[in-house]
Amino acid sequence: MQEKSLQSKPYRLINKIQHYAWGTKNEQAFIPKLLGLTPEPDVPYAELWMGAHPNAPSEVDLGSGKRPLSELIQTYPEEILGQRIARRFNNQLPFLFKVLSAGEALSIQAHPDKKQAVELHKRDPGHYPDDNHKPEIAIALDELTALVGFRDFSELQLVLRKYPEIADFVAEPALGSFLQEEKSAEAKKVKIKQMFRTLMIKSGENPELLEKALSDLEKRLQKKDSRTEQEQLFLELRRKYGADVGLFSIFLLNLIHLKKGQGVFLKAGIPHAYLKGNIIECMANSDNVVRAGLTPKFKDVRTLVEILTYENGAADIFTPDESSAEFTYRVPIPEFSVTRWKLAADRSFERDVRSVEILLVHKGRGAITTKDQRTEFKAGDSILIPASLKKYALFGENEAEIFCAFVP
């Protein structure tokens, strides 16, 4: 039964959980704990999707029944999205909001830009289901260990000198060119691409050489009395994935550790892999992933090496003041921003609504109040704020932490 009109009020969302193999399990399962559920034994809980993506659209609790958010937006685009957003994004929710819980490493991957996404979807819709780009932000709920972006050019040169097994696998002429001094930023990108492309393509064409290089490095590292974090990680993932070229990327990418509240933005063409941790993730509404290692899933090495930007250097980290009541993770794209609120007990503040919002309550309990309604919330709740609401107030019954995804 279709509603004649959509009330301007908050709506609870019922969201789908994705059980990818790398998710946390049993007593470590973060998502069931957040939602107040008992995890099924040995079932991985990897992602909670909040949004209207066709692979797992949220349902909206209308009181009289439930409807997929995607359908509700098509029926009431301007009421939910707001006129500006509805027109700009063709009556589509432009972001996908997630909780991600990694118990083990995700694949070495990158996301295409908008033009590349259109081409990939046209060429291979089975593996690239969307014609949209997928820039994303990861915000640590407790901590996150990840590989993000190529290390500085000079550090990469040191890596190839320190690990001759990698250097020998790259071999000439790419190796000699890469080890030469270079001042131009663009020339450094060209050399990194040449080196990385050689490494990745050769792994597929010469699996015996790849296995030998990995085995030689493994044996040498096992004999060391002390190892770096990257070396220890290599040995752990080598046991899991065997002859996987993604293992070399452990030494080539920045290994970062995000603390609670810190975030990192991943634009198109940046190689990355989440290794362990629980995060809030927000991205453009897409599920396009180009993988090239540390995964049993479909790998597309040639596409990956072509879509990477080969920028190099330390990853830029958002670091909010933990005592701050409000912090917005502003990213350089039009589809989304994320704000974190920390509500003190018995305190409230008002919020002007400029576009559709999805709220996720990470901790605490309280209420959303409007002119004529009060909506209670607790940890694990997610709530749709339609643009037509215009204004609401958040009240913290005790100390609460809430993340809000919205369109800037």
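A compact table of results
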quantity	calculated
Only listed residue being assigned to a strand (DSSP E or B) and either within 25 Å of Cys404 (Cα to Cα) or not hydrophobic (A, V, I, L, M, F, W, C) (or both), chosen from Ile17, Ile31	Ile17
Residues within segment 128-179 that are among the hydroxyl-bearing types (Ser, Thr, Tyr) and at positive phi, tallied	0
Filtered residues of segment 261-299 (kept if under 18 Å from the mean Cα position of the chain (by Cα) and either assigned by TED's automatic domain parsing to the domain that holds Ile402 or of a type in the set (Lys, Arg) (or both))	Lys267, Lys276, Arg291, Lys297
The listed residue being of a type in the set (Phe, Trp, Tyr) and over 16 Å from Leu106 (Cα atoms), out of Phe327, Phe298	Phe327
When residues of segment 56-69 are limited to those that are buried (at least 17 other Cβ atoms within 10 Å of the Cβ) and not aliphatic (A, V, I, L, M), the one farthest from Ala46 (Cα to Cα)	Arg67
Residue within segment 234-257 that is part of a loop (DSSP other than H, G, I, E, B), under 24 Å from Gln109 (Cα atoms) and β-branched (Val, Ile, Thr) present	yes
Cβ-Cβ under 6 Å pairs, at least 6 apart or on other chains, segment 100-113 side closer than 20 Å to Pro32 by Cα and in a strand (DSSP E or B), far side at pLDDT 95 or above and of a type in the set (Asp, Glu)	Leu100/Glu47; Leu100/Glu281
Residue tally, condition under 27 Å from the mean Cα position of the chain (by Cα) and surrounded by 13 or more Cβ atoms within 10 Å (Cβ to Cβ), over segment 205-235	7
Restricting segment 87-106 to residues that are small (Gly, Ala, Ser) and touching a helix residue (DSSP H, G or I) at 6+ places or on another chain (Cβ under 7 Å), the residue that is surrounded by the most Cβ atoms within 10 Å (Cβ to Cβ)	Ser101
Residue count, segment 73-89 (criterion: on the phi < 0 side of the Ramachandran plot and either over 26 Å from the mean Cα position of the chain (by Cα) or assigned to a loop (DSSP other than H, G, I, E, B) (or both))	10
Only listed residue being of a type in the set (A, V, I, L, M) and in contact with a Phe, Trp or Tyr (Cβ under 7 Å, 6 or more places away or on another chain), chosen from Val301, Val338	Val338
Breaking point among (1) in the same structural domain as Glu205 (by TED's automatic domain parsing); (2) assigned to a strand (DSSP E or B); (3) of a type outside the set (Val, Ile, Thr), for Arg302	(2)
Long-range neighbours under 6 Å by Cβ, at least six apart or interchain, first residue modelled with pLDDT under 95 within segment 309-333, second outside any loop (DSSP other than H, G, I, E, B) and charged (D, E, K, R)	Ala325/Lys342
Subset of segment 304-355 (residues that are small (Gly, Ala, Ser), within 30 Å of Val245 (Cβ to Cβ) and buried (at least 19 other Cβ atoms within 10 Å of the Cβ))	Ala315
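Here's the yes/no breakdown for (1) in a strand (DSSP E or B); (2) farther than 30 Å from Ser184 by Cα; (3) touching a Pro at 6+ places or on another chain (Cβ under 6 Å); (4) among the basic types (Lys, Arg):
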position	(1), (2), (3), (4)
Glu322	no, yes, no, no
Arg354	no, yes, no, yes
Ile358	yes, yes, no, no
Val361	yes, yes, no, no
Tyr392	yes, yes, no, no
Phe395	yes, yes, no, no
Asn398	no, yes, no, no
Glu401	yes, yes, no, no
Pro408	no, yes, no, no
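The values are calculated or read from the model by the stated rules, or taken from the named source; none is laboratory data. Bear in mind the structure is a predicted one, so any value in this text is a computation, not a measurement. Virtual Cβ from ideal backbone geometry, glycine too; neighbours counted across all protein chains shown.
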